[in-house]
Amino acid sequence: MRIAVLGVGVIGSIYAAKLAAAGHNVTLVARGPRKRELESSGLQLEDALSGATLHLQLPVSDQLPRDAELVVVAIRNAQVDAALPQLRQSPSATPILLMLNGPLQVGRLREALGPERVLFGFAGAGGVHDGPCVRYTAVRAQPTTFGPVRGQPVITPRSFAALFADAGFATSVVADMEAWLLTHAVLITALCGALYRNGGVSKALAADTSGLNDLIAGLREGLRVVTSLGFTVSPLKLRLLPRLPAPLVRLALSRQLASEFAAFAIDGHANAAPEDMQDLARDCRTMIARSGRAAPVLLRLCDEVEAFRRR
């Protein structure tokens, strides 16, 4: 398949490289210093867990190729408006897979680009830049997630999940991707608020009982907000969270946050991209206001995210 990847930061680099290695014809769409770096040094990946490396020299362009059969968009929320004119110019039959962290943009982007061809997904991989190389993790416990929104048929997300699975990614298809994105926003905001209170260090949060309690309480408030907005909390394991005893949840979180995986996968992204977390905190504030629900702990965690961004 001819695939164009718009946005070749950490996430775009991971997916572009693995799709190309699986035999797809991938074009990288980038501008400025990143375009020059890709042209001179190629696309370089290193698996942070196994040490395996991948080095590919792929075509690089500052424009979307007209013959792309799929456009994968992996950019930050602040870059979406600048990318819309180029995305609108792509052939109307070309599917656009938006791998964004913007739950409140679903309706606007469907309207802007056409509801028939816009798909939403979320990256199940993460990493950091190390010079021209991207050091990354992609594990089965964190699948790349796809799903329909607002009445879309589920068959198309399933077909793209199969495409990514064939490239080596763990994948998951949910019933409502918009609900999943809203749920993810409150999860990440609660987590990062508690994390930033501990200097952006997962191991410190793992030992902070008060911080873990706020994380659990804020997340539970956020899940009630999602429900009040008319959505079903997704995935199922988070839907079950309110039924579990807080001490059990706290123990599980503490163990996960004390791991080396958390130090790389959570701390790395949270500290490298605080502006992304601020966007999610802003979305959470909007969700809380729209729901009419009280969420005092989650709002305090939003404050922590925004204060960290200003440092």
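Nothing in this text is a laboratory measurement; each read-out follows from the coordinates by a stated rule. Just so you know, these numbers come straight off a predicted model, no measurement behind them. As a convention, Cβ positions derive from the backbone with ideal geometry for all residues, glycine included, and neighbour counts pool all protein chains shown.
For the range 128-225, what class follows from the C-alpha gyration tensor (a ≥ b ≥ c being the square roots of its eigenvalues): rounded when a/c is under 1.5, otherwise prolate if a/b is larger than b/c, else oblate?
Oblate shape, in that a/c is at least 1.5 and b/c is the bigger or equal ratio.
Measure nothing but the geometry: give the 0 to 90° angle between the long axis through the Cα atoms of 246-257 and the longest principal axis through the Cα atoms of the chain, rounded to 10°.
Long axis of 246-257 versus the principal axis of the chain: about 40 degrees.
Would you work out the relative contact order for the chain, in percent, from Cα pairs under 8 angstrom that are 6 or more residues apart?
15
So how do THR227, THR145 line up by other beta-carbon neighbours within 10 Å, fewest first?
Ordered by Cβ neighbours within 10 Å, fewest first: THR227, THR145.
Which order do peptides 183-189, 45-51, 260-266 fall in by mean Cβ count within 10 Å, highest first?
Per-residue mean Cβ counts within 10 Å order the peptides as 183-189, 260-266, 45-51.
Report, in degrees rounded to the nearest 10, the 0 to 90 angle that the Cα long axis of helix 32-41 makes with the longest principal axis of the chain.
Orientation of helix 32-41: about 70 degrees from the principal axis.
Tell me, what HN-Hα J-couplings in whole Hz come from the Karplus equation 6.51 cos²θ - 1.76 cosθ + 1.60 at θ = phi - 60° for each residue of the range 143-157, using x for Gly and Pro?
x, 6, 10, 10, x, x, 10, 6, x, 4, x, 7, 4, 5, x
Highest mean first, how do 116-123, 56-63, 154-161, 170-177 rank when packing is the count of other Cβ atoms within 10 Å averaged over residues?
Ranking the peptides 116-123, 56-63, 154-161, 170-177 by packing returns 116-123, 170-177, 154-161, 56-63.
Beta carbons within 10 angstrom, averaged per residue: use that to sort the peptides 209-220, 8-19, highest first.
Highest-to-lowest ranking by the protection proxy: 8-19, 209-220.
Tell me the angle of helix 209-228 to the major Cα principal axis of the chain, expressed in degrees between 0 and 90 and rounded to the nearest ten.
Helix 209-228 sits roughly 70 degrees off the main axis of the chain.
For the range 179-310, what does the alpha-carbon gyration tensor say about shape, rounded, prolate or oblate, given a ≥ b ≥ c as the root eigenvalues, a/c under 1.5 as rounded, and a/b over b/c as prolate?
Because a/c hits 1.5 or more and a/b fails to exceed b/c, the range 179-310 counts as oblate.
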